[in-house]
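> Got a structure here, written out as structure tokens. Questions coming.
The values are calculated or read from the model by the stated rules, or taken from the named source; none is laboratory data. For clarity, every value in this text was computed on a predicted model and none was experimentally measured. Using ideal geometry, Cβ is built from the backbone for each residue, glycine included, and neighbour counts are taken over all protein chains shown.
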Amino acid sequence: EHNEQLPFLDVLIIRNSENKLEFDVYRKETATLRYIPNDSHHPFQHKMASFNFLIHRLLNFPLSKERFEHEKQLIKNIAKSNGYSLHLIDKDTDNSKFASLPYEPKFTRRLDKIFKNININLVYNSKNKLQTLLGNPKDKINNNEKSGIYEISCKDCDQKYIGQTKRSILTRFKEHMAHLKYGRTEKSCVAQHAFDKLG
């Protein structure tokens, strides 16, 4: 926790002046606001996938009215900067149903019209998936060599640290250990906890 705020995945947990918890959307400083441009030659559903995620998060996070409006405006700014109409953000899609079909340019528009009449949105998938084109790699990558979400448990108490890294989990673990070794506890919650236990 830093400055009464704790980021966890894409949630920012905030302790307010009344010692109550509030929530906001968390974005890393390196997060980009670039998405698939509206004028790109992708299926429309692929282009809208990111915005559907942003809207779903907006509607499902327990945000205050002010934070809700701020996040909604940010999503509109993202849409505008990527060439999309702002009414796409305002429409309510809560009651929509989805079905997945292979993407066929000749039939896509016709199918969209037919299925929209019965309140079903089509989601198209590519026939040539990257894994199919490349095949299965012979040597499987060890989980510790992958990026992603990881958990470190303290052997002396029941506390756990859950983190996320774009580099390998092993590399991030070594960084935690280096921060502990050289006393850089302000750079690692894991190092700080271990230092407190040792001290």
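> Touching a residue at least 40 places away in the same chain (Cβ under 8 Å), touching a Phe, Trp or Tyr at 6+ places or on another chain (Cβ under 8 Å), in a helix (DSSP H, G or I) and within 30 Å of residue 103 (Cα to Cα), is that true of residue 78?
Details: touching a residue at least 40 places away in the same chain (Cβ under 8 Å): yes; touching a Phe, Trp or Tyr at 6+ places or on another chain (Cβ under 8 Å): yes; in a helix (DSSP H, G or I): yes; within 30 Å of residue 103 (Cα to Cα): yes.
So residue 78 passes the test.
> Another question, then. Could you please give the count of residues in segment 15-48 that are of a type in the set (A, V, I, L, M) and either over 19 Å from the mean Cα position of the chain (by Cα) or assigned to a loop (DSSP other than H, G, I, E, B) (or both)?
Here the count works out to 4.
> Condition first: assigned by TED's automatic domain parsing to the domain that holds residue 86, surrounded by 11 or more Cβ atoms within 10 Å (Cβ to Cβ) and among the β-branched types (Val, Ile, Thr). Can you find one or more residues in segment 4-11 that meet it?
Step one: of segment 4-11, the residues assigned by TED's automatic domain parsing to the domain that holds residue 86 are 4-11.
Now restrict to residues that are surrounded by 11 or more Cβ atoms within 10 Å (Cβ to Cβ): 4-8, 10-11.
Keeping just the survivors that are among the β-branched types (Val, Ile, Thr) gives 11.
The answer is yes; a qualifying residue exists.
> Kindly provide the set of residues from segment 1-51 that are closer than 19 Å to residue 166 by Cα and in contact with a Pro (Cβ under 7 Å, 6 or more places away or on another chain), ordered by number.
26
> Any idea how many residues of segment 24-43 are loosely packed, with under 15 Cβ neighbours inside 10 Å and hydrophobic (A, V, I, L, M, F, W, C)?
Final tally of qualifying residues: 2.
> Within segment 179-188, can one find any residue that is within 21 Å of the chain's Cα centre (by Cα) and of a type in the set (Ser, Thr, Tyr)? Don't jump to the end; show me each part of the working.
Step one: filter segment 179-188 for residues within 21 Å of the chain's Cα centre (by Cα), giving none.
For segment 179-188, residues within 21 Å of the chain's Cα centre (by Cα) and of a type in the set (Ser, Thr, Tyr): absent.
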